[in-house]
Amino acid sequence: MSPGGKRRAEDFRKAYFHHEKQNGNESQLVENDYFTDEQGAKVGITWSEEPDGTWFLNLRSGKFDDAILLCQTKPDGSLVVRLPRVFLNRYRNLLSRDTRGQFKFNIVRERGTFYIRLLRPAGLTDISSFVSRQKVIAKEIILE
């Protein structure tokens, strides 16, 4: 990721945490891309700026129970996808991994439906129910 991309990722993570705090959801940052939520779940948060309806994101194995994927849809806006522990436990073995052990999340939007691309036999799996109505807007989050 370019230095500018790292800065944008940090801006979107901060915006997400700010919104959560405003809604009474406290979290504890563990390291840059990982935190614990109020229930004690380990959560990984990552961001991608792909403009064409396909996002590539990654998180390190063993660092998270839930995953928050911030998928940029506009120059200053990102969708929030929260993949819960139950989903990740079910499909963890069907997520791609790189040689360093990072899980690869390939999110695809086709005709308004959101999918995650899993290894075969699962393939494209609908995750639209995990896409939040909240959108991260640069340094703030709004509801549509």
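The values are calculated or read from the model by the stated rules, or taken from the named source; none is laboratory data. None of the values given here were measured: they were computed from a predicted structure. Don't worry about glycine lacking a Cβ; one is built from the backbone with ideal geometry, like all the others, and counts go over all protein chains shown.
Listed values, structure above:
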quantity	calculated
Matching entry among Leu79, Leu70 (being at pLDDT below 95, touching a Cys at 6+ places or on another chain (Cβ under 6 Å) and surrounded by 15 or more Cβ atoms within 10 Å (Cβ to Cβ))	Leu79
Selection status of Val108, over 24 Å from Ala41 (Cα atoms), in contact with a Phe, Trp or Tyr (Cβ under 7 Å, 6 or more places away or on another chain) and free of Cβ contacts under 8 Å to residues at least 60 places away in the same chain	yes
Scope the range 70-88; condition touching a strand residue (DSSP E or B) at 6+ places or on another chain (Cβ under 6 Å) and farther than 20 Å from Ala122 by Cα; matching residues	Leu70, Cys71, Gln72, Thr73, Asp76, Gly77, Ser78, Leu79, Val80
Cross-chain or 6+ apart pairs with Cβ under 7 Å, the range 46-61 first and touching a residue at least 60 places away in the same chain (Cβ under 8 Å) and closer than 19 Å to Phe17 by Cα, then hydrophobic (A, V, I, L, M, F, W, C) and not in a loop (DSSP other than H, G, I, E, B)	none
Hey, Arg85 surrounded by fewer than 20 Cβ atoms within 10 Å (Cβ to Cβ), in contact with an Asp or Glu (Cβ under 6 Å, 6 or more places away or on another chain) and under 25 Å from Arg133 (Cβ atoms) or not	yes
Pairs with Cβ under 7 Å, 6+ apart, first in the range 116-128 and in a helix (DSSP H, G or I), second of a type outside the set (A, V, I, L, M)	Ser128/Thr113; Ser128/Phe114
Checklist (1) assigned to a strand (DSSP E or B); (2) of a type in the set (Val, Ile, Thr); (3) farther than 17 Å from Asp11 by Cα applied to Thr99, failing item	(1)
Residue selected from the range 17-43 under the condition over 18 Å from Gln134 (Cβ atoms) and surrounded by 14 or more Cβ atoms within 10 Å (Cβ to Cβ), by the criterion farthest from the chain's Cα centre (by Cα)	Val30
One residue from Glu26, Glu38 being modelled with pLDDT under 85 and outside any helix (DSSP H, G or I)	Glu26
